[in-house]
Amino acid sequence: MTTRVLHVDRDRPDPAVIEAAAQALRAGQLVVFPTETVYGLGAHALDPAAVQKIFEAKERPANDPLIVHIAHIGQVNQCAAGMPPRARKLGLSFWAGPLTMILPKRPEVPDLVTAGLPSVAVRVPSHRVARALMEMAGVPVAAPSANRFSRPSPTTAQHVLEDLDGRVDLILDGGPTDIGLESTIVDFTVDPPVIRRPGGITIEQVRALVPDVTLAEGLATGDQPQVAPGQLLRHYAPVAEMTLYEGEPSAVVPRLAADARTAVARGNVIGILAPEEDLIALAPLIAPSAAAGKIVVQPFGSRADLERAGRELFASIRTLDATGVSAILASSPGTEGLGRAIRDRLMRAANGRFRTIV
Ligand code: TXA
Ligand code: MG
């Protein structure tokens, strides 16, 4: 199949382009579109044959359920059988936006979408292109992130092409995405509700409206992220083996530099993925190896601006991986605010391999 790429203005999408994409969706084709979080790989959610194509294009295991996207909260009953009052409260505040809620599913939603679960994940994206597409399509749209399974989520159309060229019918290119981290997933099929994945809406923001919300086990203990139904830990994985360093920057930086120098002395080329503050402190400790090209340094935003860190994270992982380094040492920006979602993604990229430095 030939993949068509159409450019769209992110603020004022051309209705003719959106209509073409909406028609393709209704006809059961795969359409990639930008959202405020990451690019989504969309198909008509109520058409099992179309949904099946998503799993094939991504090489995604069928036990990993999909998020259903709708144009506004008024359409939630197209796929969910009900919305508890607290879910409604959250939806009224954070939709449209980077929030996904797990709700009891309606029988019309194919089992393929929910991996046979009695619940369905629903989200109203705020990106103008995504919303215009949902509105014109007039059908709910199942869409996982538009990456090949276990690759970092795509934040540009170029990332999508790297992974899915020839595997999807159409890509709407609306430029880089704003948030860069996937939506926060809150499960309302349990009481009290549980945050299954930290994301673009912070836990603090959810707690302000749903005070008794709890964190999925791994997230609460600070250990490996818990594996949501069907979700494998290994996710966003670079080809190079990655290790996540945690602790006070004053302790992490010298240790990370020492480990990088040791690996270089053994003949390896090492990548370092860290917030800019850490890179400033690291520079004098790794200068000769960096100058010799034995250590490749890749910033992803700063601790002072976690929104930028989130926006740059996945692109930074892709860029560093493409240099062919044999291992990546990464520094975590903590767990405050968006830091928690960033750390969760780093932990997945590291396949759970982390070192706490004291
Ligand atoms: O920001 C986002 O959420 C992006 C954009 C495209 O909307 N989408 C996204 O989808 O990240 P995906 O498929 O990469 O991640 C969705 C995750 C799945 O891994 C799955 O674990 C969880 O949502 N999920 C979906 N339905 C579920 C359900 N019924 N119960 C529990 N978890 C569910
Ligand atoms: Mg994904």
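The values are calculated or read from the model by the stated rules, or taken from the named source; none is laboratory data. From a predicted model like this one, the values you see are computed outputs, not experimental measurements. Every residue, glycine as well, gets a Cβ built from its backbone with ideal geometry; the counts of neighbours run over all protein chains shown. The protein model used for the area step is the full one, side chains on, heavy atoms only, and it has no ligands, DNA or RNA in it. Shrake-Rupley method; radii C 1.70, N 1.55, O 1.52, S 1.80 Å.
Among the candidates A49, A81, which residue alone is modelled with pLDDT of 95 or more, touching a Lys or Arg at 6+ places or on another chain (Cβ under 6 Å) and open to solvent by 60 Å² or more (accessible area, probe 1.4 Å)? The unique qualifying residue is A81. On the given criteria, is T189 among the hydroxyl-bearing types (S, T, Y), buried (at least 24 other Cβ atoms within 10 Å of the Cβ) and in a loop (DSSP other than H, G, I, E, B)? So T189 does not fit the description; no. The condition (being touching a residue at least 60 places away in the same chain (Cβ under 8 Å), surrounded by fewer than 17 Cβ atoms within 10 Å (Cβ to Cβ) and closer than 20 Å to A341 by Cβ) is satisfied by just one residue among S93, S145: S93.
Only one of the numbered conditions (1) over 23 Å from L6 (Cβ atoms); (2) buried (at least 23 other Cβ atoms within 10 Å of the Cβ) is not met by P125, and that is (1). For segment 243-358, no strands (runs of 3 or more DSSP E) sit wholly inside it while including 2 or more residues that are touching a His at 6+ places or on another chain (Cβ under 9 Å).
Identify, please: which residue in segment 328-343 is open to solvent by less than 20 Å² (accessible area, probe 1.4 Å) and at pLDDT 95 or above and is, among those, farthest from A292 (Cα to Cα)? For segment 328-343, the residue satisfying everything is A341.
Here is a check on your reading of the model: is L181 part of a loop (DSSP other than H, G, I, E, B) and under 28 Å from L133 (Cα atoms)? Answer is yes for this residue.
For A71, indicate whether it is modelled with pLDDT of 95 or more, surrounded by 15 or more Cβ atoms within 10 Å (Cβ to Cβ), outside any strand (DSSP E or B) and under 18 Å from the mean Cα position of the chain (by Cα). No. Residue check: is G97 closer than 22 Å to R10 by Cβ and not hydrophobic (A, V, I, L, M, F, W, C)? The answer is yes for G97.
Here is a yes/no grid of residues against (1) within 16 Å of ligand 2 (Cβ to nearest atom); (2) open to solvent by 20 Å² or more (accessible area, probe 1.4 Å):
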position: E135; (1), (2): no, yes
position: D169; (1), (2): no, yes
position: R197; (1), (2): yes, yes
position: I201; (1), (2): no, no
